[in-house]
1. So for the pair Tyr83, Leu256, with labels modelled 7 Å out along Cα→Cβ, what separation do we get in nm?
2. Under a point spin-label approximation (7 Å from Cα along Cα-to-Cβ), what is the Glu285-His63 distance to one decimal in nm?
3. Would you mind calculating the gained length between Thr205 and Met1 on full extension (0.36 nm times residue separation, minus the Cα-Cα distance), in nm to one decimal?
4. Do the sum for the chain: with -39,500 (n - 2.57) for every DSSP H run of n ≥ 4, divided by all residues, what is the mean residue ellipticity at 222 nm, to the nearest 500 deg cm²/dmol?
5. Need the full-extension length gain, Leu310 to Asn197, defined as separation in residues times 0.36 nm minus the C-alpha distance. One decimal, nm.
6. Between segment 1-68 and segment 71-135, what is the separation of their alpha carbon centroids in Å?
7. Give the calculated FRET efficiency between Val54 and Leu268 to the nearest 0.05, with a Förster radius of 30 Å applied to their Cβ-Cβ distance.
8. Quick check: from the Cα gyration tensor, does the chain come out rounded (a/c under 1.5), prolate or oblate?
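The numbers here are math on the coordinates, done by the rules we state, and not lab data. Predicted model only: the values in this text are computed from it and were never measured. Note: ideal-geometry Cβ built from the backbone for every residue, glycine included; neighbour counts use all protein chains shown.
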Amino acid sequence: MKRILVSGGAGFIGSHLCMRLIDEGHYVICLDNLFTGSMRNISSLIESERFEFVNHDVTLPYHTEVDEIYNLACPASPIHYQYDAIKTIKTSVLGAMNMLGLALRQNAKILQASTSEIYGDPIIHPQPESYWGNVNPIGFRSCYDEGKRCAETLFMDYYRQNHVRIKIIRIFNTYGPRMLPDDGRVVSNLIVQALQNNDITIYGTGGQTRSFQYIDDLIEGMIRMMNTGDDFIGPVNIGNPHEFSILELAEKVIKLTHSQSNIVFKPLPHDDPKQRKPDITLAMEKLNWKPTVELDEGLVHMIDFFKNNL
Ligand code: NAD
Ligand code: UDP
């Protein structure tokens, strides 16, 4: 049994990760300030003697004994991370420093939940880990993109200078049960709108693309990455390489929900990436991992979840 700390453990991805780690027999410390996470997400774990919830803000130091740390604390939806941009960048940067400090003191392995956003509006397509990206440093998304880029830098510097046992994964758009209905991200937005027969909001022309990964595939990739030897630190892309335009996604959602909704077009948000698709060659080689849940199947699970939870 390992003692594993999950920062951001009450959020969408974090709660699935905590659940998996508890199922594997570990002791899990979930550190979260409940900004976008909720106790409801972890309600099934609270009774476990191997689960501990700590209401804590990662911008402040935290001390405990741990073997492994998964650093997920950070709002991930554009509406949430732009709500208090200064707090978002502090969470990424100070949060990374505090968690890396803890890993250093404890000689713990630490995994950073980085993001495909570090590629910005990519010119290279699909995106391999060797691509340095095309990021606007002064735009509305910068608090998130540059915060996450700086966190990757900190991870690499703690590795080079202090030999901290780091792992970096770059997560591509992930969806699944326990996303908030008002989360603002496209999969949850479109399904909720379709189920309520409200207008389906497409930003821009809907020609922009994303590659959507189901939560279970991501959790498997995260665990495999953490379990690699200390010589493999990443960064490694974890995502589903099947690419869809947002309009194609909307059509799938309407079909699967038998919705009466109409599609309406709204202005494209600032710096919205035009295309995004992971090159997962490295993950396949080093983690023997590839996604197993395709979009149609994942959408059905997600639709069932919202039917029961709206
Ligand atoms: P989420 O908003 O559901 O979860 C984030 C969690 O972090 C929440 O529980 C929130 O309360 C907590 N948090 C925020 N600020 C905090 C702070 N200062 N101190 C402590 N806790 C704090 O988002 P998610 O989709 O579960 O994302 C989790 C992580 O994965 C994030 O770091 C995000 O950047 C990364 N990621 C997610 C995706 C995706 O598609 N979901 C893609 C790339 C990267
Ligand atoms: N989007 C959309 N309608 C919505 C929400 C999002 O058309 O109701 C678009 C958004 O402009 C972007 C894509 O869907 O092009 C993915 O948006 P999301 O916020 O889910 O993720 P990110 O842009 O961070 O990849």
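1. 2.6
2. 4.4
3. Roughly 68.4 nm would be gained on extension.
4. Estimated from H runs of four or more residues: -12000 deg cm²/dmol.
5. Stretched out fully, the Leu310 to Asn197 stretch lengthens by 39.4 nm.
6. 19
7. Details: r = 39 Å, r/R0 = 1.31.
So the FRET efficiency works out to roughly 0.15.
8. Prolate.
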